[in-house]
Amino acid sequence: MTRWLLLSYLTITVLVLTVLILPLGLGFANHEGDVLLADIQRDAYDVASMVEDNLETGTKPAIDPLLAHYAASGGRIVVVDGHARAVADSDSPAGSPRDFSAQPEIQAALRGERVQGVHWSDTLRRNLMYVALPVSSGGVVHGVVRISYPTTELDRRVRTYWLELALLSAGLLAGVAAVGFLLARWVTRPVRSLQEAARQLGQGRLGTRVATGPAPPELRSLGETMNLMAGRLQRLMDSQRLFLADAAHQLRSPLTALRLRLETLEPALPPGQRPKLDAAVAETARLGRLVESLLVLARAEVATSEPEPVDAAGVARDRVEAWGDAAAEERVELELDAAPCPAALAVPGSLEQILDNLVSNAITASPPGGVVRLRVGPDGPRAVLVRVIDQGPGLSEQE
């Protein structure tokens, strides 16, 4: 749950950053491009005003210092006459005039249009931002001033700004991840506490309670409700254990006395009544075994429900001794077949209760002269197999 909460926080943060960062980056790139274009336009207007008279009279413009400055800064100024022949060029200030009639921006400017934009220079292998401005007077275009400037510095500033935005976003994401992790842990801590308490209660530790510390109100209310439920369940189980223990102890003495009284009647009974007395004594013995089972059950429920190492062969041996008299009364032989085996993990008292039930059923189901065998042995390197084998009729298909 912590992972999903943290993922949701980061997803929301990424969406918010995308909405905020993209406009910032694009806005900065557009602004820087507009600033560079405005500078080039301003320079183009300045140069146009400087060479207007020269182009009108056909004389060479005296702008060599300006051409040298642009050449040193990486830009380029080209001034052409009305026939698209260069009269000034910062790339070749002393060279022969070049013909620029093939340049589309020059042709457009000679038609009186102001042209600006960015194009790729195959010669320089970089993008150039340019402005082509017609130089005219009286409605007649006498020439064109074209100024171009590489966008290398502009691109570098834009990349740097994007990198700063990326680092800022990464820092914000790291901060959100840290805060989100702490927040998710705070939110899910009560859930983990509830989960652990439910696991403990499921294992029989009815004294477990949920810590109701700082937590969201809904989870705190759920924890308090679970504590109330655990308390009621514990009181119910305590009353049940007390009833079982008390009932078993209360029944034990009367049953023992009843059996003794029945046995003392044997010499005074006519021979034909002996079977009825034996049946009554057998029923009394069965009730005594039932009481003993109730005591075992009560002790098992009081004990911890955490599995502990148990000597399965020793438990089986004790059960054979405990049920020896009952088996003899039913004329059933009770045997133990125990092989060396590792200790088994079981809740204290549970194996005794299980074997008592199985042995009782096996003795009852076995015919006179039958054999009930308890077999204990290893079942692989880390398991113990305990079996109760009798010679009874078994179960029918319907059962």
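The values are calculated or read from the model by the stated rules, or taken from the named source; none is laboratory data. Quantities reported herein were computed from a predicted structural model and do not represent experimental measurements. Note that each Cβ is placed from the backbone with ideal geometry, even for glycine, and that neighbours are counted across all protein chains shown.
Which of the numbered conditions does residue 193 fail, given that it passes all the others? Conditions: (1) buried (at least 17 other Cβ atoms within 10 Å of the Cβ); (2) under 20 Å from residue 22 (Cβ atoms).
Looking at each condition in turn, residue 193 falls short on (2).
Which of (1) exposed (fewer than 14 other Cβ atoms within 10 Å of the Cβ); (2) within 30 Å of residue 197 (Cα to Cα); (3) at pLDDT 75 or above is the odd one out, the single condition residue 261 does not satisfy?
Going through the list (1) exposed (fewer than 14 other Cβ atoms within 10 Å of the Cβ); (2) within 30 Å of residue 197 (Cα to Cα); (3) at pLDDT 75 or above, residue 261 breaks only (2).
Out of (1) hydroxyl-bearing (Ser, Thr, Tyr); (2) touching a helix residue (DSSP H, G or I) at 6+ places or on another chain (Cβ under 7 Å); (3) at pLDDT 90 or above, the odd one out for residue 160 is which?
The number of the failed condition is (2).
Name the residues in the stretch 366-380 that are within 13 Å of residue 334 (Cα to Cα) and either among the basic types (Lys, Arg) or surrounded by 14 or more Cβ atoms within 10 Å (Cβ to Cβ) (or both), would you?
Within the stretch 366-380, 366, 370, 371, 372, 373, 374, 375 meet the criteria.
All but one of (1) over 15 Å from residue 142 (Cβ atoms); (2) surrounded by 15 or more Cβ atoms within 10 Å (Cβ to Cβ) hold for residue 88; state the number of the condition that does not hold.
The failed condition is (1).
Which one is farthest from the chain's Cα centre (by Cα) among residues in the stretch 57-115 that are of a type in the set (Ser, Thr, Tyr) and closer than 20 Å to residue 42 by Cβ?
Only one residue fits best here, namely 90.
Of all residues in the stretch 136-176, which are of a type in the set (Gly, Ala, Ser), surrounded by 15 or more Cβ atoms within 10 Å (Cβ to Cβ) and outside the structural domain of residue 58 (by TED's automatic domain parsing)?
Residue satisfying the conditions is 169 alone.
Enumerate the pairs (first residue in the stretch 373-399 and in the same structural domain as residue 313 (by TED's automatic domain parsing); second residue anywhere and at pLDDT below 85 and surrounded by fewer than 14 Cβ atoms within 10 Å (Cβ to Cβ)) with beta-carbon separation below 7 Å, excluding pairs fewer than 6 apart on the same chain, so at least 6 apart or on different chains.
Here the result reads none, with nothing in the stretch 373-399 linked to a residue that is at pLDDT below 85 and surrounded by fewer than 14 Cβ atoms within 10 Å (Cβ to Cβ).
Looking only at the stretch 196-221, filter to residues that are hydroxyl-bearing (Ser, Thr, Tyr) and at pLDDT 75 or above; which one of those is surrounded by the fewest Cβ atoms within 10 Å (Cβ to Cβ)?
Checking each candidate, the answer is 221.
Determine, yes or no, whether residue 107 is in contact with a strand residue (DSSP E or B) (Cβ under 8 Å, 6 or more places away or on another chain) and among the polar types (S, T, N, Q).
Details: in contact with a strand residue (DSSP E or B) (Cβ under 8 Å, 6 or more places away or on another chain): no; among the polar types (S, T, N, Q): yes.
No, not satisfied.
List every residue pair whose Cβ atoms lie under 6 Å apart, where the two residues are 6 or more positions apart in sequence or sit on different chains, the first residue falls within the stretch 125-145 and is small (Gly, Ala, Ser), and the second residue, located anywhere, is assigned to a strand (DSSP E or B).
132/115; 132/144; 132/146; 143/80; 143/81; 143/135
Can you pull out the strands (runs of 3 or more DSSP E) entirely within the stretch 288-399 that have at least 1 residues that are at pLDDT 85 or above and closer than 23 Å to residue 251 by Cβ?
none
Checking residue 13 against (1) modelled with pLDDT of 85 or more; (2) surrounded by 12 or more Cβ atoms within 10 Å (Cβ to Cβ), which single condition isn't satisfied?
For residue 13, the failing item is (1).
So which residues in the stretch 319-344 are acidic (Asp, Glu) and surrounded by 13 or more Cβ atoms within 10 Å (Cβ to Cβ)?
Listed by number, the residues that qualify are 329, 330, 333, 337.
Checking the structure you have, find out if any residue of the stretch 102-111 is modelled with pLDDT of 90 or more and in contact with a Leu (Cβ under 9 Å, 6 or more places away or on another chain).
Checking the stretch 102-111: at least one residue is modelled with pLDDT of 90 or more and in contact with a Leu (Cβ under 9 Å, 6 or more places away or on another chain).
Hey, among the residues in the stretch 119-150 that are of a type outside the set (Gly, Ala, Ser) and assigned to a loop (DSSP other than H, G, I, E, B), which one's modelled with the highest pLDDT?
The residue in question is 125.
Within the stretch 345-365, restricting attention to residues that are under 12 Å from residue 316 (Cβ atoms) and touching a residue at least 40 places away in the same chain (Cβ under 8 Å), which residue is surrounded by the most Cβ atoms within 10 Å (Cβ to Cβ)?
359
Would you confirm, using the coordinates I've provided, whether residue 210 is among the β-branched types (Val, Ile, Thr) and closer than 21 Å to residue 9 by Cα?
Taking the combined requirement at face value, the residue does not satisfy it.
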